[in-house]
Structures are given as structure tokens and as C-alpha cells.
Amino acid sequence: MYTQGLDSLGKDCLRDETRDGAALESRFQARVDAEEKIEAKDWMPEAYRRTLIRQISQHAHSEVVGMLPEGNWITRAPSLKRKTILIAKVQDEGGHGAYLYSAAETLGVARAELVDQLLAGKAKYSSIFNYPTPTWADVGAIGWLVDGAAIMNQIPLCRCSYGPYARAMVRICKEESFHQRQGYEIMLTLARGTEAQRAMAQAALDRWWWPSLMMFGPTDTDSKHGAQSMRWKIKRFSNDELRQKFVDTTVPQADYLGLGVPDPELAWDEAAQHYRFGPIDWSEFERVLAGHGPCNRERMEARCKAHEEGRWVREAAAAWAAKRSAVAMQAA
Amino acid sequence: MNKEQDWPLYEIFIRAKSGLDHKHVGSVHATDAAMALEHARDLYTRRQEGVSIWAVRSADIVASDPAESDAFFEPARDKIYRHPTFYDIPDEVKTL
Amino acid sequence: MTPEVRYVLRLADTNLVLAQRLGEWVGHAPALEEDLGLANLSLDLLGQARLLLARAGELEGLGRGEDQLAYLREESEYFNLTLVEQPNGDFGDTVVRQFLFDAWQLGLYEALVASGDAALAAIAAKGAREAAYHLRYSGGWLVRLGDGTAESHARVAASLARLWPYTNELFHDDDVDRAAAAAGIGVLPSALAPPWSVRVDQTLAHATLARPAHSSFVWYGKQGRHSEHLGYLLAEMQSLHRAHPGASW
């Protein structure tokens, strides 16, 4: 059961917290420690609820904004097979956004409110989608790298302590693996193609490599929410652990393509059994996060435009349904 | 700009194949029953996940309260005589 | 090009062009759920288009595959109905275009399952199931918009008036149609008019929309004479493919 009765949940929390907050909180933590799932109407600390709403809604916004850079190529996909795959893929991103909004709503927040926050520029979404897709190879690179990084972030979330989020992530991860594979297949075809295609693939890898590494968030020493989220089992691995895992998995894939990773310091460390990589330009990360990435404005404008231009449609459907139920009431 | 309300929420239940129960999969927003089914179909059965969909207005669902879960579900705990393993039957006795 | 090939290409191109138009919506629909809905329509039509292009290529016997046919033909070699190349406009325009088309396509496929061409009959059987769902979707939206708010009624009534004249072409028989029908592989367009009218009138009534008056306006997109919109659509669709002759993707 998803959202019903959640207004009263907020009140219950307050009442419970004033009565016996500490006991409830330690019981909650004990349940989390025992790997029990927390469900929508269960008691939870207000900060846990807020953290989840923030994280799940950011994740949902990212999926929805993420439809745009790849959607940019639906009309120009170079074969009918690729067009078909791309439409299905972008559609999936929309679906993932819907699963996640649905999970966020179980925490007692309306989707309209979350969308308003996004459109007002008050909510964050993954900065990666503020980069442009100038060539077809970017579609391949996004699938391979961006979806690859997303999967690495998301697989641990399937075991997140909050049930509705964990279940949404199970569904999403199942679908994402097709996304990554289709992206790699595009890269492989380009890498084995004409000289122009190979150059296109290399340029896309150059563009997406560093932003993909930034997707894992700030280094552990600078991460704001890390420790508490780990305690609550919302998060299972640190940003740096996941980033390292991504590099270790992805570099051999780039080698197989015969493409170069744009990092002169990249080297295999035999003793540690890891790739060592160069420093990340966090000033770029901060800049894009602050709204000064190449496409922040375009992405938000596109979302706002769709929302505004769709308003009369949403209103019409609601008005029609209201009329129908009025007729049904009269008939009864 | 006046605040826009979400379309009402429907809980969605899918039967994966005939012979199985409908199972809750999530929710969709829709203005009416026909739209709820279409949205559920587009969202939750893109990969042949189902052969039948139920959509129920979320507001129409009555749920037990977690605060009462002890009162609701604890009493069943000590009624172990309801389970077949409670009874000692000699191994020689078959098909029982 | 034989009339049979041309007949199948008409069906293929009509699906392809409409799928392309619907693909433009993905990420920009009035609600997230409609992004998914419109994408599904696009995918169904694209799937049918690919099967039809493959069949046209086989019948033609020149070794042209789906991509060669889709990406390397000029505007005048495209034989889609003019209705489907009309721009998306607002969501109401898209719904009206879709509804008028779905009602036609469902009737077409219901008749085409009896085609003497087994491949075409099989595509029609698959397509009829999809078209039935599409009609449910577009018809449902037409009713909501037509009988929704004063604004939505006015908008969708204007869309209907704008797009209605293009429906004449849907039921116009020409030599290609007559030859395909005579060969037992195709259906005469004029035969599809009565069931279409029944479906359309029913839904228009629910939508509180009046059926526009008949006009004598006819386009001949299916003969390769298009409105100004198709050129742009194809330029966009074919640009990358044409920029890399002979490349694989």
C-alpha cells in the first residue's frame, strides 16, 4: 500500500516523538540493523523520511531530465533498429522516473509538489544530464558510461532499508542492464566502423569519462550525507568505493573497444589490484551543480515548457473525470 | 500561478500469468479508471510482466495500522497447533 | 515499381512517418505517463513499418532493406498519407491526428488479414491488435479533451477542423489501390470509409464534437506529392545516415 493515510503519519510522528522519541528511534535503528525493511506507514525518524524524499525525488528528477539528452537523437537515429531501441530506452527512463515518484509519494509528499520544486529550480537532479549530446556516439557513451555508473550506484539501493524504494530499484536495475548493453554495442559498432565513426566514439568517451566519474558524488571526506545514510542503510558503499569499482570495471571495456581513456595518470596498480586514476576537477562539478553547466538552462526550459504546455490537457482530463463522477452520483 | 493538484492516485496490481495472484506493483496517477488501466499497462507491463491488471483508487483502500500490528498479528503466534509439524506421527505411517 | 510494391510502401511509409512524429514527443508530453503512452504508439508503428518495409523490399527484389528504403529515398519517393506528416502541434492536434488515423488503420488491418499475401496478412493480424489499443488510447483522449474544459473543447475542435480535410485521401482509390485489390493483396480504400465513419461518429458524439463538413480538398501524399512538412521530417530523420554513406550502425 502506497500513500494512503500518510498525512496522519506526519502527525503520528510528532506525537510519538514527544512521547517517547528516543525509544522509538532506537527500536527503528534496531530494525534497520536487523535488515528489516521499513514500510510506508511504519514509524520512522523525521530526518530519515526527509533524507529519503530528497534522495528519491532527486533520483526521479534525474530520470525525467535524463530523457532529454538522449531523446535529442530519437528523430535522427541512424538506423530503424537503433531508433526502436532508443525510443524504448528513453521511454524506460520515463518509467523509472514514474516508479521513483511513486516510491517518494509513499513518504507523504505529492508528486506535483516535487515537480514544482524541480521546475522552480529548487530541487537537484544528476548533473550529468547538463552535458550536451552533439553526436550519435554520445548516445552510446551515455548508455555505456552513464548507465553503467548508475547501475553501480543503484544495485546496492536494491537492499535499501526503505521497502518501496528498494522495490523500485529492483525493477529499475533489471531494466538498466539493457540500457548499458545497448550503449556498449553502439560504441563497439562505431569503434569497428569507419575512421569518422571511430573518431566520433573517441570524442564521446573523452566528453563523458570525467563527468561519469563525478556521478558518484564528492569524495568521502567531503560527502555531506554519507555517514548517516550508511547507518540507516539507505546507502551501502561510499562514493569513493563505488567510483573505484566503476573505473576497475570500465577501463578494460574501453581497452576492448580500442579507445583511450582521457586520463594520463591512469595506471594499473598490481599490488592493490585497482586502477589508479588522476584527480577529478571538482570545480567543474561544483560549477555544473550550481547551474552553470553547458545545458542546465536548456534542460530546465524543456521541462518547464512541457509542463506549461501540458497544463490545459491535465486540467481537461481532470474536468472530464469530475463531470463523469457527478453524472454517476446523480444516477445512483 | 495557482497550485496544480496531482491527478488521483491508483494502486496497481498485476497478474503475471494465469494461475497466479494479482500482486501489488506500485501506483500511477490518472483522472479516471480507463486512464489508470492504460497508464498501468504502459508503465508496468512493457516487458510482458502481466496478463491482467487491477487498478484501485488509493483513497479506497483500507489498511491495518502498523501501531496496532501487535494487537492484530501477535495472537496468531502461539497457535502452533494450527501447523502440521505440531503433531507427532510415527514415521511408519505414510501419506499423512 | 509494381503496384504491389508501391501499395506496401504506402502502408510502410505511413507507419514510419507517424512513428517519427510520435517519437518527437518523447520527453515533452503533458504528463510523464503520456510520454510512455506516446512512446508505445511510436514503437508499435515503427515495428509495423519495419516489417512492411522488409516485405516491400522482398517484393521489389532489388535487395533494398529497411534502412535503405527508409533513409535513402527522397521525399517524392515516399508514399505515406499526407495526414500523418502533419506536425505534432499541441497535444490536441496529435490526439486528433492519431484518432482519425487509428480508426482508419484498424479497419484496414481487419480487412487486410484476408490478404493473399501471407506476409501482409500476418502483419495485419499483429497490427490489428495494436491498432485496437491505439484507438482506445486516442479515442479516450479525444473524449476527455472534447468534453473537458471550455478551452480544451475549443482547442480540439480547431484541431479537428484543421486535420479533417486530410481524411479524404484515406478513402480515395487510385490505380495502385485498384491493382493491389485486384491482385488480392490489398484493400480498396473506399471500402474502408463506412466502418471508419461509424467509429469516428461514435467517439465524436461522446467527445461532444461535431463532425466537420465534407470538403473537396485532397492531397496525394500516397502518390509522392506531399505537403511542405515531409521534407523537413525526412531531412532530419535521414541526416546522420546520409552523412556516412555505407557505414554500419
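The values are calculated or read from the model by the stated rules, or taken from the named source; none is laboratory data. In this text, all values refer to a predicted model and were calculated from it rather than measured experimentally. Cβ coordinates were reconstructed from backbone atoms using ideal geometry, including for glycine residues, and neighbour counts include every protein chain displayed.
State whether the residues of segment A:43-60 include one that is in contact with a Gly (Cβ under 7 Å, 6 or more places away or on another chain) and assigned to a helix (DSSP H, G or I). Before the answer, list the steps.
Of segment A:43-60, the ones in contact with a Gly (Cβ under 7 Å, 6 or more places away or on another chain) are A:60.
Those still in the list that are assigned to a helix (DSSP H, G or I) too: A:60.
Yes: one or more hits.
Inspect segment A:263-276 for any residue being at positive phi and modelled with pLDDT of 90 or more and give the result as yes or no.
Taking segment A:263-276 first, the residues at positive phi are A:273.
Those left that are additionally modelled with pLDDT of 90 or more: A:273.
Yes, some residue in segment A:263-276 is at positive phi and modelled with pLDDT of 90 or more.
If you go through segment C:32-50 one residue at a time, how many are surrounded by fewer than 24 Cβ atoms within 10 Å (Cβ to Cβ) and small (Gly, Ala, Ser)?
1
Residue by residue, here is whether (1) away from chain C (no Cβ under 12 Å); (2) surrounded by fewer than 24 Cβ atoms within 10 Å (Cβ to Cβ) holds:
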{"position": "A:Gln58", "(1), (2)": "yes, yes"}
{"position": "A:Ile74", "(1), (2)": "no, no"}
{"position": "A:Ala98", "(1), (2)": "no, no"}
{"position": "A:Ala103", "(1), (2)": "yes, no"}
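Looking at C:Ala103, C:Ala128, C:Ala121, C:Ala132, which one is surrounded by fewer than 22 Cβ atoms within 10 Å (Cβ to Cβ), in contact with a Phe, Trp or Tyr (Cβ under 6 Å, 6 or more places away or on another chain) and away from chain A (no Cβ under 13 Å)? It would help to see each step written out before you state the result.
Values: C:Ala103 fails: surrounded by fewer than 22 Cβ atoms within 10 Å (Cβ to Cβ); C:Ala121 fails: in contact with a Phe, Trp or Tyr (Cβ under 6 Å, 6 or more places away or on another chain); C:Ala132 fails: in contact with a Phe, Trp or Tyr (Cβ under 6 Å, 6 or more places away or on another chain).
Result of the check over C:Ala103, C:Ala128, C:Ala121, C:Ala132: C:Ala128.
Does any residue of segment B:7-29 turn out to be acidic (Asp, Glu), closer than 13 Å to A:Ala321 by Cβ and at the interface with chain A (Cβ under 9 Å from one of its Cβ atoms)?
The first filter runs over segment B:7-29 and keeps only residues acidic (Asp, Glu), leaving B:11, B:21.
Now narrow it down to the ones that are closer than 13 Å to A:Ala321 by Cβ: none.
No, because not a single residue in segment B:7-29 is acidic (Asp, Glu), closer than 13 Å to A:Ala321 by Cβ and at the interface with chain A (Cβ under 9 Å from one of its Cβ atoms).
Is segment C:189-211 home to any residue that is more than 30 Å from B:His39 (Cα to Cα), crowded, with 20+ Cβ neighbours inside 10 Å and of a type outside the set (Lys, Arg)? Working first, answer last.
From segment C:189-211, those more than 30 Å from B:His39 (Cα to Cα) are C:189-194; that's our starting set.
Now narrow it down to the ones that are crowded, with 20+ Cβ neighbours inside 10 Å: C:189, C:192.
Subsequent filtering for residues that are of a type outside the set (Lys, Arg) retains C:189, C:192.
For segment C:189-211, residues more than 30 Å from B:His39 (Cα to Cα), crowded, with 20+ Cβ neighbours inside 10 Å and of a type outside the set (Lys, Arg): present.
Within segment C:24-85, considering only helices (runs of 4 or more DSSP H) that don't extend past its boundaries, which have at least 2 residues that are over 28 Å from B:Ala30 (Cα atoms), at the interface with chain A (Cβ under 10 Å from one of its Cβ atoms) and charged (D, E, K, R)? Can you show your working first?
Details: elements: C:32-60, C:66-71, C:82-85.
Passing ranges, in order: C:66-71.
Considering only residues that are of a type in the set (A, V, I, L, M), more than 27 Å from A:Ala123 (Cα to Cα) and either surrounded by 18 or more Cβ atoms within 10 Å (Cβ to Cβ) or facing chain C (nearest Cβ under 8 Å) (or both), which ones fall in segment A:290-332?
Those that are of a type in the set (A, V, I, L, M), more than 27 Å from A:Ala123 (Cα to Cα) and either surrounded by 18 or more Cβ atoms within 10 Å (Cβ to Cβ) or facing chain C (nearest Cβ under 8 Å) (or both): A:Ala316, A:Ala317, A:Ala319, A:Ala321.
Looking only at segment A:76-95, count every residue that is facing another protein chain (nearest Cβ under 7 Å), in contact (Cβ under 8 Å) with a residue 60 or more places away in the chain and among the charged types (D, E, K, R) and tell me the total. Can you show your working first?
Initial filter on segment A:76-95 (facing another protein chain (nearest Cβ under 7 Å)): A:76, A:78-80, A:82-84, A:87-88, A:90-91, A:94-95.
Subset that is in contact (Cβ under 8 Å) with a residue 60 or more places away in the chain: A:76, A:82, A:95.
With among the charged types (D, E, K, R) added as a condition, the list becomes A:76, A:82.
Counting residues in segment A:76-95 that are facing another protein chain (nearest Cβ under 7 Å), in contact (Cβ under 8 Å) with a residue 60 or more places away in the chain and among the charged types (D, E, K, R) gives 2.
If C:Glu33 satisfies all but one of (1) out of contact with any Leu (no Cβ under 9 Å at 6 or more places or on another chain); (2) under 17 Å from C:Ser138 (Cα atoms), what's the number of the condition it fails?
That leaves (1) as the condition not met.
Among what's in segment A:227-255 and is surrounded by fewer than 16 Cβ atoms within 10 Å (Cβ to Cβ) and free of Cβ contacts under 8 Å to residues at least 24 places away in the same chain, pick the residue that is farthest from A:Arg49 (Cα to Cα).
A:Asp255
Which residue is modelled with the highest pLDDT, if the candidates are limited to segment A:282-332 and must be out of contact with any helix residue (DSSP H, G or I) (no Cβ under 6 Å at 6 or more places or on another chain) and outside any helix (DSSP H, G or I)?
Among those that are out of contact with any helix residue (DSSP H, G or I) (no Cβ under 6 Å at 6 or more places or on another chain) and outside any helix (DSSP H, G or I), it is A:Gly310.
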